[in-house]
Amino acid sequence: MLITNGTVLTYGDNPRVIYGGAVYLEEDTIIEVGSTAELTARHRHEEILDAAGKIVMPGLICGHTHFYGAFARGMAIPGLPPENFVQILEKLWWKVDRALTLEDCQYSALVALVDAIRHGTTTLIDHHASPNAIDGSLDAIAEAVEQAGVRASLCYEVTDRNGDDGARAGIAENVRFIRQLQANPHPRLAASFGLHAAFTVSNPTLERCLQEVQGLDVGFHTHVAEDKADQVDSLKKYGIRVLERFEKKGVLGPKTIAVHCIHIDSYEMDALRATGTHVTHQPRSNMNNAVGVADVSGMLKRGINVALGNDGFSNNMFTEMHATYLLHKINERDPRAMPGDVVTEIAFANNTKLAEIFWPQPIGVLEPGAFADIILLDYYPYTPFTDGNFPWHVIFGIDGSQVTHTIAGGKLLMKDRELHTLDEETIAARATELAKGVWRRVAEL
Ligand SMILES: [Zn+2]
């Protein structure tokens with residue numbers, strides 16, 4: 001396929017804007033990026049996708065999400081409103097996840113993926129929980145990913161809050177899914193070993209996870225110090241802080257994702273850097289849960305790879321970028337904090353590095369050899385749009401609602417805003433039926 005006449009935003013190490021640009025792809029890989037004149041001359045007989053009046057850029061990557069939370073949209077939380085983070089978990093999320101069946105898991109993924117394709121998010125790193133439907137849950141989600149045509153890495157969040165059997169079943173689901181993918185590799189699916197968080201995973205369970213992970217060649221995907229409660233619990237039970245414990249046990253490493261990292265000190269930041277552990281930032285979720293603001297610039301200055309996730313918020317990663325841009329300014333009472341180019345670097349370059357854990361070819365960049373995960377958006381700039389200022393166009397003028405075409409692995413998942421792989425109406429109708437059951441079970445818990 002040859003995409004022509006677009007304003008191509010390449011991102012990558014040398015991000016640039018190519019006016020009248022073109023991208024040539026074969027199967028799931030980008031072969032050439034350049035001017036429309038040159039590429040049209042070289043690839044005359046190709047299927048052409050005309051991108052006149054559009055931006056052509058890499059599909060977005062969501063570094064941390066929870067498909068399973070989809071059915072909480074619009075649901076009333078029974079009883080008094082939660083007053084803090086632990087109560088949010090107890091009154092909302094730990095009821096929603098217990099209410100899920102395997103079909104609920106699959107449909108919560110399908111509705112999230114409709115949203116992702118519509119808003120140009122083509123890679124998602126999911127963290128799943130369904131304590132009453134653990135075995136096979138990652139297969140149910142993988143089927144949804146397969147159908148949607150996006151790229152995803154999956155894991156099951158191991159926790160002790162559902163007793164020893166629950167912890168063992170979570171471990172088994174991770175191991176089963178990882179081994180299955182290793183035996184039958186899939187170009188768009190990947191896996192990691194999920195842990196809920198330090199305060200819900202005891203030492204015996206953690207040791208079992210570490211034993212199982214040996215030889216699997218995967219890292220962990222875990223929440224870290226999202227709320228102060230995680231540190232208080234760690235100090236009380238183990239006499240050390242969360243990341244000190246994780247470092248000592250061997251949880252950290254270049255394939256591990258530490259989500260949030262809000263309440264961490266400089267020693268813990270050094271541990272992240274020394275082990276090459278990736279961090280993801282989710283400002284919308286952090287504001288919603290009122291848990292605090294991560295020291296993202298501090299971590300970036302230390303050379304830690306801070307990427308961007310959405311923690312189950314809408315799969316419009318542009319909104320997450322906009323939130324990142326705004327949150328740190330008000331938090332630091334400094335309009336110079338978190339400039340647009342740093343936001344862009346987090347959402348693209350750093351998410352590209354995060355995706356390297358899971359996929360052999362680059363994602364999040366338009367360059368030869370990268371996976372052909374590409375989006376087209378309607379956008380007519382009315383001020384100069386250059387190599388130097390495009391991040392501020394992305395912050396102030398561009399949003400996921402402008403996406404018209406979504407391509408992943410070289411396949412069109414959405415063309416002219418029409419979904420090609422998923423039937424939104426049918427999925428939404430079935431999901432609404434399933435949601436009623438989930439809401440009823442939540443009310444009974
Ligand atoms: Zn999360």
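The values are calculated or read from the model by the stated rules, or taken from the named source; none is laboratory data. Worth saying up front: this structure is predicted, and the values here are computed from it rather than measured. Here the Cβ positions follow ideal geometry from the backbone for every residue, glycine too, while neighbour counts run over all protein chains shown. These accessible areas exclude ligands, DNA and RNA; they are computed on the full protein's heavy atoms, side chains included. Shrake-Rupley method; radii C 1.70, N 1.55, O 1.52, S 1.80 Å.
Restricting attention to the stretch 168-192, and to residues there that are small (Gly, Ala, Ser) and under 16 Å from His223 (Cβ atoms), which single residue is surrounded by the fewest Cβ atoms within 10 Å (Cβ to Cβ)?
Once the filter is applied, the top-ranked residue is Ser192.
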Within the stretch 168-181, is even one residue closer than 17 Å to Thr280 by Cβ and within 16 Å of the ligand (Cβ to nearest atom)? no
Quick count over the stretch 34-58, residues being in a strand (DSSP E or B) and open to solvent by less than 30 Å² (accessible area, probe 1.4 Å), is 7
Residues that are within 23 Å of Phe220 (Cα to Cα), within 16 Å of the ligand (Cβ to nearest atom) and assigned to a loop (DSSP other than H, G, I, E, B): does the stretch 148-155 have at least one? yes
Condition test on Val259, is it of a type in the set (Val, Ile, Thr) and away from the ligand (no atom under 16 Å from the Cβ)? no
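Quick check, is Ser297 part of a loop (DSSP other than H, G, I, E, B) and under 26 Å from Asp399 (Cβ atoms)?
no
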Scan the stretch 206-219 and give yes if some residue there is of a type outside the set (D, E, K, R) and closer than 20 Å to Met269 by Cβ, otherwise no. yes
Out of (1) open to solvent by 10 Å² or more (accessible area, probe 1.4 Å); (2) in a helix (DSSP H, G or I); (3) in contact (Cβ under 8 Å) with a residue 24 or more places away in the chain; (4) more than 30 Å from Val111 (Cβ to Cβ), the odd one out for Gly69 is which? (4)
What strands (runs of 3 or more DSSP E), lying completely within the stretch 350-445, carry at least 2 residues that are among the polar types (S, T, N, Q)? 403-408
Any residue at all in the stretch 69-91 that is within 16 Å of the ligand (Cβ to nearest atom) and closer than 30 Å to Asp13 by Cα? no
